[in-house]
Amino acid sequence: IVAVIRVSRLTWHKDTKSGLWHKTGEISLYAAQTRLSAAEAADTIRGHWGIENRNHHVRDVTFREDHSRIRTKPVHFARFRTFAINISRELYINALNPLHAMGYRVA
């Protein structure tokens, strides 16, 4: 380990019952194998979260997951949504490549 990166986050959460906002703080530590400037470390960490956020954006915009009123076994419905997202992405990628859609393997 060449460097340890410390990231402090401040997040606001809304209590759905009271409607009040609560502040929470979090500190994350990352181990790096190379020296990074603060800007490089921030870009790398944001890049990692960009993958995660892309998934959550689809869930929130397409499936309106944040507005879901499912309270019983929500994890099962989350898995169904993940399955639907994966199928949709696969079909979309295949639709863009006519050779793949016709059954040809494209490297």
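Read-outs: derived from the displayed coordinates by stated rules, not from any lab. These figures come from a predicted structure and were not determined experimentally. Don't worry about glycine lacking a Cβ; one is built from the backbone with ideal geometry, like all the others, and counts go over all protein chains shown.
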Answer yes or no: is there a residue in the range 28-51 that is more than 30 Å from ILE87 (Cα to Cα), basic (Lys, Arg), more than 18 Å from the chain's Cα centre (by Cα) and surrounded by fewer than 10 Cβ atoms within 10 Å (Cβ to Cβ). yes
Take the conditions assigned to a strand (DSSP E or B), in contact with an Asp or Glu (Cβ under 8 Å, 6 or more places away or on another chain) and over 30 Å from ILE70 (Cα atoms) and apply them to SER28. Does it pass? no
Can THR62 be described as among the polar types (S, T, N, Q), out of contact with any Pro (no Cβ under 7 Å at 6 or more places or on another chain) and closer than 19 Å to ARG9 by Cβ? no
Of the residues that sit in the range 60-92 and are under 17 Å from the mean Cα position of the chain (by Cα) and part of a loop (DSSP other than H, G, I, E, B), which one is surrounded by the fewest Cβ atoms within 10 Å (Cβ to Cβ)? ARG64
Selection from the range 55-94 of residues in contact with a helix residue (DSSP H, G or I) (Cβ under 7 Å, 6 or more places away or on another chain) and of a type in the set (Lys, Arg) yields ARG59, ARG81
